[in-house]
Every structure is written in structure tokens, then in C-alpha cells.
Amino acid sequence: MTSNEIRKQFIDFFKDKQHTFVQSASVVPLDDPTLLFTNAGMNQFKDVFLAKGERDFKRAANSQKCIRVSGKHNDLEEVGHDTYHHTFFEMLGNWSFGDYYKKEAIAWAWELLTEVWKLPKERLYATVFGGDKGDGLEADYEAENLWKEMTDIDPSHILQCSKEDNFWEMGATGPCGPCSEIHIDLTPDLSGGKLVNAGVPEVIEIWNLVFIQYNRDESGTLTSLPAKHVDTGAGFERIVAVMQNKNSNYDTDVFMPILNEIGKLVGESYITSKEQIAFRVIADHIRMLTFSIADGGLPSNEGRGYVMRRILRRAARYGRNLNLHEPFLYKLVPGLVKHMGDAYPELKERKDHVIKVIRAEEEHFNRTLDRGLEIFAKIVKQLSQNNENIIPGTEVFKLYDTFGFPVDLTRLMADENNLAIDMAGFEKEMNNQRKRARAAAKFTSQTVSTDEWVVMNDGDDSEFVGYEETTINSHISRYHKDGKTINLRLLKTPFYAESGGQVGDKGTLEGDGFTLDILDTQKEGNAIIHICESKGEFNPTSDKVYAQINDSERRRTIKNHTATHLLQAALQQVLGDHVHQSGSLVEPDRLRFDFTHFEKVTPQEIGKIEQIVNEQIQKDTHLEIAWKNIEEAKAEGAMALFGEKYGDIVRTVKVGDYSLELCGGTHVNGTGEIGPFIITTEEGIAAGVRRIEAITGPKAVQYFQSTRSRVSEIGQLLNSPESEINVKVQSLLDDKKNLEKELAQTKSDQLSGDLNGIINSAKEINSVKVLIHKVDNVDMKSLKDLGDKLREKVKNTIGLIASVNGDKLAFVALVSDDLLKKYKAGDLVREVAITAGGGGGGKPHMASAGGKDVSKLDEALKRFEELA
């Protein structure tokens, strides 16, 4: 039976038991910043268990995509080294929300396992909660008796176990209850009873039935829930291994299609390879990456994005064990999608997006991976010479900070060399870096402890009225003086505090005997802090003030904020639905928008985006602002900012049928107020993240005028009408290209003038002719041309041509046809380039590379001789 058939049988079985099939939730919980990844089937029903939500069904079943990379349920370091730990897995589950309970859950689990799937009853064990004196709970005799009454399991196979193994809790507080686990004995002689819960592959848990019947409060006290629930989870990969009679999850048809694809890239099969661990790690990690990216995740330097980056870099490094030096992970995606796309259609829909993300991330890491591995090898060599076995924290930090090696990757390589790493030293370096970053950062807001405030009005303050008002009479709640700077809070304020990318308002406060310039407005928790500078003495005798924002700056800011909404919608129209906001800055004079995309936005696309935004501005659409329940807003398709926390009631900003976002910022009344919109720059700021800067209104008009002036000046310089400038420039470029071509040909002729002399300069090393030729200021194309001409004339030869071009090095390696079975030009030139702080590669017969350290040229040439 195939894995797809097993998954379908599970769903169909519970459908016949009146369960509603529920689609798997996204493995990236975009609406739950507290959770890195969906790690259990119950995640999407958490609100039901917490009595904060409900569903229109009482019974549910599904196969949930899950990711676990840490904690008691998984250990990343074990993935690939054993045959049953995974970062990504599927969890088959069935749920009851206040409907059926232990009786049905136990009976149905037994029915499916033994009557439908025909698992041998004599191999199955059931564990139940054995009680806990600390909680005052007796053993779960109810479940134990139901196993005896509702099934024909061997009574001696029903085991009472500890709270640690058989009592489930959502967290320190909240719903909890006993569970009953089903284990299967895979030992040849059925002797595995004593190994239940021992964590060995011979006896494994295949299904956990959780009976949620208590609530634990903050004091630790348990009380019975009015409605009892069932939450079960069966590990899909383990079930498949058992059903297909395989000793390893990786030997099943869940993994073998991926392992076979890896084998095609490597040129050997998983079954015969001596590097099976590398095969397994890569197969596991590409599943995790493909599903997480398809569900909206992206590699980055923080949060779940950093976990994804760690996983990808771990897989890329294992690729080196299989001699895969070029990006390869992205090539595995189509096969995985073909295998699992029917069960999870989102894989088919986002296949191209996943490939682009993984390829971009691989290429980015590849630039430093080889150099980092060389540094690591030198560290290992030095430790060996010194009879030491701990990698200093400074070196671990260098690999992390300079070469992008996650700490767990360095630890993995250390383990392979029987070394440890100095984590305390690494953490010290990390803390020093954080201190440097804090010292370098410019903080416009100042945090002060509450006992330093001078309180003028106790109670609630910071009521924001700036959506409707720009000037008000208000009262000082409290203030804090620090030299000339005054931090101040008002009972009511029209000043918008920096949030959601929009900068804080500026303006003035006038009181009895003082005037304050408000330089910035920030938030501390729910409090709005006005950061002020006094024009004179500030010793208020009255709390009354007149607050007035800088209306001109606010007007320009709100134009840019609404334009940002229009821009995001246009980006999605032109580039695709994968575009999501990664960051933004909205100021009076410009807007900046960071978004997910994996290619440079072309000039044609920029033009189309500008056109769409300006068309929306010209329509002068009235903005609709509303407060509504967050679920209602999401159901309407409102875009939320990833990672932002939202309350139950949210503010939505709608621009006709064009744009709908959750947003607390200030906006124009109608899009026509924005004026012209121009994109001024587009650039990449990280792997998979692009940045656009734009201007609106008067700034855009100034930009038009400045551009027109420059065009006029260029026309005068070229002695050409403005309408013919492009023709004139193209003519000049063509002339330049022809001259460069002639110059290159002249250089090539000069280089090739004495081919026989170059060939005769080769020395023989280990019965192979080694040809090394140095030149100066020769471009890569000319070097390759020379390499081609040399290859036509040589036999039994490997060659290296090197050129010093300013502060850079260029290398071309060549291998004669009769030595291609022994040498690969790509491998040779890569080793040489690494010595000079660079990298490269190419085809077996000829390859090129660059170097960054000119002083290492002689060392690089010597390295080439050593490779002979």
C-alpha cells in the first residue's frame, strides 16, 4: 500500500465516522507570532480548547503538516543520523470538541489499526496515565478498563506510565489531560514490552490519544472542564514504515523518490552510498524547506526565518559530502512536488516560487561556504598541532559572523572531527556585538522607569485623537526631564506615535509659561511618549497645554502612507501573490517599502507599477476606514503585517476594491490628494528581499523638473535634440563596444603570440605536465580564449592562467582531454581561488574563478602545483 493510499484511508475512515475533513493549516502560522511553526495537528484548534472559539462541526480529521526542530519531540542533531527523527512530518489526527470521548477514541483507533490496516495485535501495546501524587490524580482506570472492554488487546500489553509520558499539557496553564499511547513492538521475537517509552527504534509510538478533561490555573490547581475533548495524533511516516514493513522511514515511498533524485545528482544510489547520512539529511531538509516556503515562510536572520536559513545551510554543507559544490537543493523541488502535490495542492501552485527562494538562498551561501570550510579546516589543523580539542568561541563567532555558519553547523562539523566548541566564548562575542550595535544605533526615544516620572495627573492617559484632530487643548499626565530633553505624556494627544513604519509626529506644546518643540513621538507599551525640547525653562505649574502637530509634515506623511498601500497592491498585481511586506518607512519626504521577491524588478515592471499606482491616484477613490473583528477582517481578505500583533478588534483601511489592509496609521481622505507618484530606486537588501523607495506630491514634481533639466544638459553636451538623445547615446556605446572588441583582439593576439613558448614552460610533476602562466590586466574572456587555444595543442597537461587586475585576481584552469578522468578543471580552479580568498568553478575541461587577495597569488600558484 502506498503512502498516499494510507493517508487517504485514514481520512476516509473518520469521514465514515461523521468527522469533517479539515484542510491542513499552514505550517507557517502567519497569524500567531508566538509559534515558530505549526508543530501539531491541534494548533489550528487551540482556540476551541481554550474556549475562545468554536467550529460548526463537533468532529474533525486531517493530515497536518508539522515542523519540529527542537524540544523533546525532536533534536535537529539526530536528523539523518537515525532513521526516525524529522524536521518536517505529517500528523494524522482526529478530534472531538465536546462530543465523543475515551470510549470511541480507543475503539476506533483499535479498529483502524487492526481491522483496516491489519497490524498484528500481538505487537501492539497501549499505555495509560499511571497517576500523579503531586497533582492528586489517580491512574486513568477509565481508559485502562476501556482498552480491556472495547478491544481484544492482550491485557498484559496495557501499561500504566508516568505523568511525563502520559499526561498532556498545552502549556504551564490551560487545558490538559491524560493520554493513551499506542506503541508497536518491531523486535523479531516480540520481546519489546520492556522497551515501551524507552526511546528505541525497535518499539515506537505510532498514535497518541489525548483526553482533555482538566484546566490548570496559575496556581497549578486542576479543575474539571465542562466540555471534554479528544485530540489524537498518529505519526504518518512511522505508520507508513510499519505498513510497508520497512526498518527505516527513509526506506518507504515517502522518502525514496527524493533520495532517488539526490542519487541522480550525485551519480550513485542511496542504497549503495557510503554517505547515507548526507542523503537522509538532504531529503529531510528539502521537505521542510519546500513546505515552509510554499506556506509563506522565508529564510532570514531572525525568528522562524533563521531556522529555515539554518536548515538550508545545513543541507548545503551536507551536499559537500556528496561532492555537490554548486547549488543543488532547488533541483529537488520538482520531484517532491510531483510526489506530494496531489495531497497538498499548494505545492503545485507555488512550485516556481519555492525554487526561486531556495536557489537564491543557496547561491548567496555558496559564496562564502567554501571559504568558511577552508577556515574551519585550518582551525582543526591548528588545534591538532597544539593537542587541543575545543574550538575557541572567537573562531565560532567568526564563522558565524563572516561566513554565515549557524552555530549548530559548526558544532556538527566539530563533532565529525571529535572536537567541542566554546559556547561561552561564542556567547561573549555575540553579546559584545549586540553592545556595539546598541552603541551605534540612534535611539530617538528614551525609555525611563516610572519612578522617575513627575506625575501631574494619575490614571489613564495617552488617548490618541489624531485621526480626527490636529490641534487640541489637553493636560499633562506626567513628564521626565533629562537635561534639555523632556519626555512627556498627555491625557489626550493628536500626535501619532511611530508605528507600522510611519514616523512619529512633530509639533509644539504651549503651556503656562513654556513652549516645547516636539521632536518625535514614540510608544512605550500603550503609552505615547512626546520627546520634547524646551525653548526656555520648563517648570510647569499648570497641567494645561495646547497641542499642535506640524500639519505640513503630517499631510506629506499621510500621502506617502496611503501611497504605500497602493504600492503593495500594485506589486502583487505585477510581480505575483508571493509579494509580502518585509518592512517599511513612511516619512514626510519619501516612502520606503521592503518586500519579498527574488529577482531584480525590471524597468518595464517598475513602469507598470508606477502606472497602476498613478491610475488609482487619479481615480480619487475615497478611503473607507473601519474597526472590526480581526476574523471578519481576515475573511474579507485584509492584508496583515507579518509578525505584528493584533488585538481582537482591528482597524482596516480600504481603497475601493483595490486594497484592504489592517493599519493603525493616518491616511488621506481620497487618493487624489496624493499627487504624482514616482519610484526613485529599486535594490536588493537581502536574499529574497527587495527595496523600493518612492516620492509623491511636491517632491515628485521637483523630481520631474530636476530630471527634465538633466536631460536638457545631456542634450547640450551631445549636441543633440532631447528627442534624439537615446539614438546618440546608443551610437556612442556601439563605437565604444567596437573599440573594446578591437582592443581585446589585439590583447588576445599578443597573448597567443608565443603559444609554443607557453607550452614549453610546463614542468612535469607526478608524470603530468603542469602549465602555469601569469599575465597582467587581462580580462576573463581573453584568458578563456587563450585557454581554448592551449587546450587544442596540449596533451597530458593541466594548466592555470592567472591575471592580476588591480586588486583582484582572475584564474582559468584547463585540463587536456586525456586527463579528464583524473582531473576536473572546476575542482582545480576552485581550490586555487579559495587560497586567494575567492571562488568559482565551471566545466571539467575548463573553468574560471576570481580571487580577492592579490598577495596570495604565489601561494595560489603553488597550490595548483600541489594538486597535480
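The values are calculated or read from the model by the stated rules, or taken from the named source; none is laboratory data. All values derive from a computational prediction rather than experimental measurement. Cβ: placed from backbone, ideal geometry, glycine included. Neighbour counts: every protein chain shown.
Any idea how many residues of segment 488-505 are closer than 14 Å to residue 452 by Cα and in contact with a helix residue (DSSP H, G or I) (Cβ under 9 Å, 6 or more places away or on another chain)?
Of the residues in segment 488-505, 0 are closer than 14 Å to residue 452 by Cα and in contact with a helix residue (DSSP H, G or I) (Cβ under 9 Å, 6 or more places away or on another chain).
Here are some residues: 709, 731. Which one is surrounded by 11 or more Cβ atoms within 10 Å (Cβ to Cβ) and either of a type in the set (Asp, Glu) or free of Cβ contacts under 8 Å to residues at least 60 places away in the same chain (or both)? After ruling out the rest, the residue left standing is 731. Inclusion of residue 596 among residues that are among the polar types (S, T, N, Q) and within 28 Å of the chain's Cα centre (by Cα) is warranted.
Considering segment 80-192, the qualifying strands (runs of 3 or more DSSP E), each wholly inside and each with 2 or more residues that are at pLDDT 95 or above and under 30 Å from residue 292 (Cα atoms), run over 88-97, 174-185.
Restricting attention to segment 337-353, the residues being touching a residue at least 40 places away in the same chain (Cβ under 8 Å) and outside any helix (DSSP H, G or I) number 4.
Per the conditions (1) at pLDDT 95 or above; (2) outside any helix (DSSP H, G or I), the sole criterion not satisfied by residue 646 is (1). No other residue among 766, 796 is closer than 17 Å to residue 845 by Cα and more than 44 Å from the chain's Cα centre (by Cα) apart from 796. Just checking, does segment 218-237 include any residue being under 24 Å from residue 338 (Cβ atoms), in contact with a strand residue (DSSP E or B) (Cβ under 8 Å, 6 or more places away or on another chain) and part of a helix (DSSP H, G or I)? Yes, segment 218-237 has at least one match. Taking residue 359 as the residue in question, decide whether it is at pLDDT 90 or above, crowded, with 17+ Cβ neighbours inside 10 Å, assigned to a helix (DSSP H, G or I) and not assigned by TED's automatic domain parsing to the domain that holds residue 578. Against the criterion (at pLDDT 90 or above, crowded, with 17+ Cβ neighbours inside 10 Å, assigned to a helix (DSSP H, G or I) and not assigned by TED's automatic domain parsing to the domain that holds residue 578), residue 359 qualifies. Within segment 814-868, the set of residues being crowded, with 20+ Cβ neighbours inside 10 Å, at pLDDT below 90 and part of a loop (DSSP other than H, G, I, E, B) comprises 838 only. Exactly one residue out of 748, 782, 761 is of a type in the set (Ser, Thr, Tyr), closer than 30 Å to residue 846 by Cβ and at pLDDT 90 or above, and it is 761. Taken together, the criteria exclude residue 205 from residues that are acidic (Asp, Glu), in a strand (DSSP E or B), touching a residue at least 40 places away in the same chain (Cβ under 8 Å) and in contact with an Asp or Glu (Cβ under 9 Å, 6 or more places away or on another chain).
Considered as a group, the residues in segment 294-313 that are under 8 Å from the mean Cα position of the chain (by Cα) and part of a helix (DSSP H, G or I) include one that is modelled with the lowest pLDDT, and that residue is 303. Restricting attention to segment 699-718, the residues that are touching a Lys or Arg at 6+ places or on another chain (Cβ under 8 Å) and either of a type outside the set (A, V, I, L, M) or closer than 30 Å to residue 293 by Cβ (or both) add up to 1. Got at least one residue in segment 510-520 being assigned by TED's automatic domain parsing to the domain that holds residue 482, touching a residue at least 40 places away in the same chain (Cβ under 8 Å) and not aliphatic (A, V, I, L, M)? Checking segment 510-520: at least one residue is assigned by TED's automatic domain parsing to the domain that holds residue 482, touching a residue at least 40 places away in the same chain (Cβ under 8 Å) and not aliphatic (A, V, I, L, M). Here residue 541 fulfils each of the conditions (1) at pLDDT below 95; (2) closer than 30 Å to residue 453 by Cβ; (3) in contact with a Phe, Trp or Tyr (Cβ under 9 Å, 6 or more places away or on another chain); (4) hydroxyl-bearing (Ser, Thr, Tyr) apart from (3). The single condition from (1) in a strand (DSSP E or B); (2) surrounded by 22 or more Cβ atoms within 10 Å (Cβ to Cβ) that residue 667 fails is (1).
Among the residues here, residue 601 qualifies as within 28 Å of the chain's Cα centre (by Cα) and either assigned by TED's automatic domain parsing to the domain that holds residue 354 or among the β-branched types (Val, Ile, Thr) (or both). Among the conditions (1) under 49 Å from the mean Cα position of the chain (by Cα); (2) closer than 30 Å to residue 799 by Cα; (3) not hydrophobic (A, V, I, L, M, F, W, C), the only one that residue 736 does not satisfy is (2).
Answer yes or no: is there a residue in segment 88-100 that is more than 41 Å from the chain's Cα centre (by Cα) and surrounded by 19 or more Cβ atoms within 10 Å (Cβ to Cβ). Looking through segment 88-100, none of the residues is more than 41 Å from the chain's Cα centre (by Cα) and surrounded by 19 or more Cβ atoms within 10 Å (Cβ to Cβ). Among the residues here, residue 719 does not qualify as at pLDDT below 90 and out of contact with any helix residue (DSSP H, G or I) (no Cβ under 6 Å at 6 or more places or on another chain).
When segment 239-274 is examined, which residues are found to be assigned to a loop (DSSP other than H, G, I, E, B), of a type in the set (A, V, I, L, M) and free of Cβ contacts under 8 Å to residues at least 60 places away in the same chain?
Residue satisfying the conditions is 271 alone.
For residue 778, are the conditions met, namely being buried (at least 21 other Cβ atoms within 10 Å of the Cβ), aliphatic (A, V, I, L, M), closer than 28 Å to residue 403 by Cα and in contact with a Ser or Thr (Cβ under 8 Å, 6 or more places away or on another chain)? Against the criterion (buried (at least 21 other Cβ atoms within 10 Å of the Cβ), aliphatic (A, V, I, L, M), closer than 28 Å to residue 403 by Cα and in contact with a Ser or Thr (Cβ under 8 Å, 6 or more places away or on another chain)), residue 778 does not qualify.
Within segment 315-327, not a single residue is touching a residue at least 60 places away in the same chain (Cβ under 8 Å), crowded, with 23+ Cβ neighbours inside 10 Å and assigned to a loop (DSSP other than H, G, I, E, B). Within segment 681-706, the residues that satisfy the criterion of being exposed (fewer than 14 other Cβ atoms within 10 Å of the Cβ), touching a residue at least 12 places away in the same chain (Cβ under 8 Å) and assigned to a strand (DSSP E or B) are 681, 685.
Which one of 810, 825 is touching a helix residue (DSSP H, G or I) at 6+ places or on another chain (Cβ under 6 Å) and not β-branched (Val, Ile, Thr)?
Just a single option satisfies the conditions, and that option is 810.
Going residue by residue through segment 186-195, is there one that turns out to be small (Gly, Ala, Ser) and crowded, with 18+ Cβ neighbours inside 10 Å? Yes: segment 186-195 contains one or more residues that are small (Gly, Ala, Ser) and crowded, with 18+ Cβ neighbours inside 10 Å.
Of the strands (runs of 3 or more DSSP E) lying entirely inside segment 522-639, those carrying at least 2 residues that are among the hydrophobic types (A, V, I, L, M, F, W, C) and surrounded by 15 or more Cβ atoms within 10 Å (Cβ to Cβ) are 527-534, 544-549, 581-586, 591-596.
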